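J.: My questions will all concern the structure given below.
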Amino acid sequence: MTARLRLQPEAIGMGMTSQRVRDRLIERLRSNGIVDERVLNAIRTVPRHLYVDEALATRAYEDTALPIGHGQTISQPWVVAKMTEAILDGASPKKVLEIGTGSGYQATILAALGMEVYTVERIGELLRIARKRFRSLGLNVRSKHDDGRIGWAEEGPFDAIVVTAGAPALVDALNDQLAPGGTLVAPVGGASSQSLLKLRKREDGSIEQTDLAPVVFVPLLSGMID
Ligand code: SAH
């Protein structure tokens with residue numbers, strides 16, 4: 001009986017969000033090709049279980065996307081790592097724009113790496129919850145309730161842009177808000193799967209495009225809702 005009681009915190013969650021469980025996620029990311037120690041460290045440090053509903057907290061350190069309501073998901077840690085690694089590759093972006101705040105997790109990873117983060121979300125209710133998380137963790141993330149397909153021109157240009165919802169094609173307005181030397185990552189393709197594209201805008205304005213991996217994102221939709 002005593003032993004069972006002692007085991008209980010493990011079973012109901014505390015153990016499931018422990019450092020050991022987080023370290024296991026980091027090892028998994030490493031074995032799946034994530035090499036940037038800064039990114040791995042940010043993922044080890046940020047408490048992902050605070051970005052999902054309490055009922056899902058025990059699954060927060062699995063390498064999987066999880067539902068956050070409104071038919072949306074918090075991205076899979078590997079995808080967050082891959083996108084973050086892509087914008088840090090050979091660059092040190094200061095000002096970053098994210099499209100699709102969702103849970104606020106990706107924005108938090110970017111902020112934890114010292115970037116000045118601007119994030120746009122079309123679903124008001126998700127943004128309100130994400131803002132609470134930013135506040136309670138003392139993060140200075142700037143956010144806007146809007147259709148992110150128009151970007152955030154008043155604050156641009158950005159050293160990096162991270163699009164966290166899939167679209168059939170790249171969005172011109174976002175490419176235009178990317179600074180020379182900057183990097184944009186976005187999932188591009190059909191509804192059921194996309195290619196994670198990395199675009200580097202050279203100093204002369206020309207674009208170099210790399211296909212990083214096949215991915216599955218929720219769709220980039222138009223308009224905004226409460
Ligand atoms: N970066 C998020 C991932 C959320 S899923 C995280 O770390 O949790 C993608 C998000 O993009 C959803 O919240 C969805 O509502 C939002 N989204 C889809 N289309 C959008 C648009 N046009 N403008 C802004 N946000 C959009």
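The values are calculated or read from the model by the stated rules, or taken from the named source; none is laboratory data. Only a predicted model underlies this, so the values are computations on that prediction, with no experimental measurement involved. Every residue, glycine among them, receives a Cβ derived from its backbone with ideal geometry; neighbour counts consider all protein chains shown.
J.: Just need a number here: residues in segment 9-28 that are loosely packed, with under 12 Cβ neighbours inside 10 Å and at pLDDT below 95.
T.: 5
J.: I need every pair where a residue in segment 39-61 that is at negative phi has its Cβ under 6 Å from the Cβ of a residue that is aromatic (F, W, Y), sequence separation at least 6 or different chains.
T.: Y51/Y105
J.: Still on this structure, please answer the following. Residues that are crowded, with 22+ Cβ neighbours inside 10 Å, within 27 Å of R200 (Cα to Cα), more than 10 Å from the ligand (Cβ to nearest atom) and not β-branched (V, I, T): does segment 118-133 have at least one?
T.: Looking through segment 118-133, at least one residue is crowded, with 22+ Cβ neighbours inside 10 Å, within 27 Å of R200 (Cα to Cα), more than 10 Å from the ligand (Cβ to nearest atom) and not β-branched (V, I, T).
J.: If you take the residues of segment 64-100 that are of a type in the set (G, A, S) and more than 11 Å from the ligand (Cβ to nearest atom), which of them is surrounded by the most Cβ atoms within 10 Å (Cβ to Cβ)?
T.: My answer is A81.
J.: Of the residues in segment 158-196, how many are surrounded by fewer than 17 Cβ atoms within 10 Å (Cβ to Cβ), part of a loop (DSSP other than H, G, I, E, B) and not hydroxyl-bearing (S, T, Y)?
T.: The qualifying residues number 5.
J.: Contact list please: Cβ distance under 8 Å, first residue in segment 119-136 and closer than 17 Å to L97 by Cα, second residue aromatic (F, W, Y), pairs at least six apart or on different chains.
T.: Cβ pairs passing all conditions: V120/W152.
J.: Return the only residue of E208, E155 being out of contact with any Pro (no Cβ under 7 Å at 6 or more places or on another chain), acidic (D, E), surrounded by fewer than 21 Cβ atoms within 10 Å (Cβ to Cβ) and under 27 Å from V46 (Cβ atoms).
T.: After ruling out the rest, the residue left standing is E155.
J.: Another question about this same structure. Kindly provide the set of residues from segment 149-161 that are out of contact with any helix residue (DSSP H, G or I) (no Cβ under 8 Å at 6 or more places or on another chain) and within 12 Å of the ligand (Cβ to nearest atom), ordered by number.
T.: W152
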